[in-house]
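The values are calculated or read from the model by the stated rules, or taken from the named source; none is laboratory data. If you're wondering where the values come from, they're calculated on a predicted model, not measured in any experiment. Every residue, glycine as well, gets a Cβ built from its backbone with ideal geometry; the counts of neighbours run over all protein chains shown.
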Amino acid sequence: MPSAAVRFRLERVNFWYGSHQALYDITLSIPARAVTAFIGPSGCGKSTLLRLLNRMNDLIEGTRHTGQVLLDGEDIYAPGQDVVELRRRVGMVFQKSNPFPKSIYENVAFGPRMAGWRSGRALDELVERCLRQAALWEEVKDRLHTSAWALSGGQQQRLCIARALATQPEVLLMDEPCSALDPKSTQAVEELILQLKQHYTIVIVTHNMQQAMRVADFTAFFYEGRLIENGPTAEMFAHPKEKRTADYLSGRFG
């Protein structure tokens with residue numbers, strides 16, 4: 001798909017929940033420092049594929065896959081791979097904002113503390129930097145030690161992004177990060193995504209076609225567990241090569 005440096009490469013990936021096959025023969029490249037959107041109707045496999053990229057599906061009993069998922073050329077499912085380190089490198093932001101029942105500060109500091117960071121100036125600076133990256137610092141700098149649950153929905157989602165950034169990842173996975181947000185909060189998160197792609201590889205699952213057009217450099221369209229078409233977003237939306245892609249983008253189904 002992209003000519004830019006490839007961060008993830010999937011080679012003939014199949015995936016099963018028990019006896020149900022959810023993904024079929026997926027081969028796909030995901031470029032570094034760009035936004036790639038996964039689109040398609042509900043149940044098409046896009047969130048399953050997203051979770052394959054940091055082995056979150058390992059937590060579901062009875063799942064299995066074939067094929068290779070390569071991060072910087074290394075198979076993340078090879079024996080001996082450090083899954084904790086993988087999830088540090090590949091952070092995730094979920095559909096529903098899920099701040100911990102802690103202060104704003106402690107939400108961001110949680111990952112670094114688990115990695116051995118101690119309280120002090122370095123941790124303070126890391127928390128501030130991540131909140132600034134998440135475009136939240138100016139809104140919360142005077143109440144860092146109040147409950148994260150007191151924030152608005154949009155602020156909570158940006159806090160979760162700051163929390164993901166605190167482990168210093170290389171990739172951010174976002175599963176419908178704006179689906180529960182109002183238009184103003186959605187705009188704030190989208191603007192943040194555009195800023196973050198200068199430093200991170202971002203993969204976003206979205207049902208919102210307009211959102212994919214606004215934020216994604218590349219788009220992959222899935223249908224019934226299969227990758228139907230992928231390429232530069234503007235090109236795909238203007239001139240889809242496959243009829244199913246054209247029908248989905250025009251609203252004929254989905």
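Tabulated data
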item: Complete set of residues in region 49-59 that are surrounded by fewer than 22 Cβ atoms within 10 Å (Cβ to Cβ) and either part of a helix (DSSP H, G or I) or modelled with pLDDT under 95 (or both); result: Leu50, Arg51, Met56, Asn57, Asp58, Leu59
item: Within region 194-219, considering residues that are closer than 26 Å to Arg12 by Cα and in contact with a Lys or Arg (Cβ under 8 Å, 6 or more places away or on another chain), the one surrounded by the fewest Cβ atoms within 10 Å (Cβ to Cβ); result: Asp217
item: Residue within region 71-90 that is touching a helix residue (DSSP H, G or I) at 6+ places or on another chain (Cβ under 6 Å), modelled with pLDDT under 95 and of a type outside the set (D, E, K, R) present; result: no
item: So Ala234, is it assigned to a helix (DSSP H, G or I), at pLDDT 95 or above and surrounded by 17 or more Cβ atoms within 10 Å (Cβ to Cβ); result: no
item: From the options Arg129, Arg143, residue that is among the charged types (D, E, K, R), in a helix (DSSP H, G or I) and free of Cβ contacts under 8 Å to residues at least 60 places away in the same chain; result: Arg129
item: Extreme residue, surrounded by the fewest Cβ atoms within 10 Å (Cβ to Cβ), among residues of region 107-126 that are touching a residue at least 40 places away in the same chain (Cβ under 8 Å) and not in a loop (DSSP other than H, G, I, E, B); result: Phe110
item: Check on Lys96, in contact with a Phe, Trp or Tyr (Cβ under 8 Å, 6 or more places away or on another chain), surrounded by fewer than 17 Cβ atoms within 10 Å (Cβ to Cβ) and over 30 Å from Arg12 (Cβ atoms); result: no
item: Filter result for the condition that a residue is modelled with pLDDT under 95 and among the acidic types (Asp, Glu), over Glu128, Glu190; result: Glu190
item: Single unsatisfied condition, Ala32 versus (1) under 14 Å from Glu170 (Cβ atoms); (2) of a type in the set (A, V, I, L, M); (3) buried (at least 17 other Cβ atoms within 10 Å of the Cβ); (4) touching a residue at least 24 places away in the same chain (Cβ under 8 Å); result: (3)
item: Sole exception among (1) surrounded by 20 or more Cβ atoms within 10 Å (Cβ to Cβ); (2) out of contact with any Ser or Thr (no Cβ under 7 Å at 6 or more places or on another chain) for Ile39, by number; result: (2)
item: Flag for Ile104 being surrounded by 17 or more Cβ atoms within 10 Å (Cβ to Cβ), closer than 24 Å to Leu194 by Cα, at pLDDT 95 or above and in contact with a Leu (Cβ under 9 Å, 6 or more places away or on another chain); result: yes
item: Residue count for region 220-231, restricted to those that are buried (at least 23 other Cβ atoms within 10 Å of the Cβ) and farther than 16 Å from Phe8 by Cα; result: 2
item: Given (1) part of a helix (DSSP H, G or I); (2) surrounded by 19 or more Cβ atoms within 10 Å (Cβ to Cβ), index of the condition Gly91 fails; result: (1)
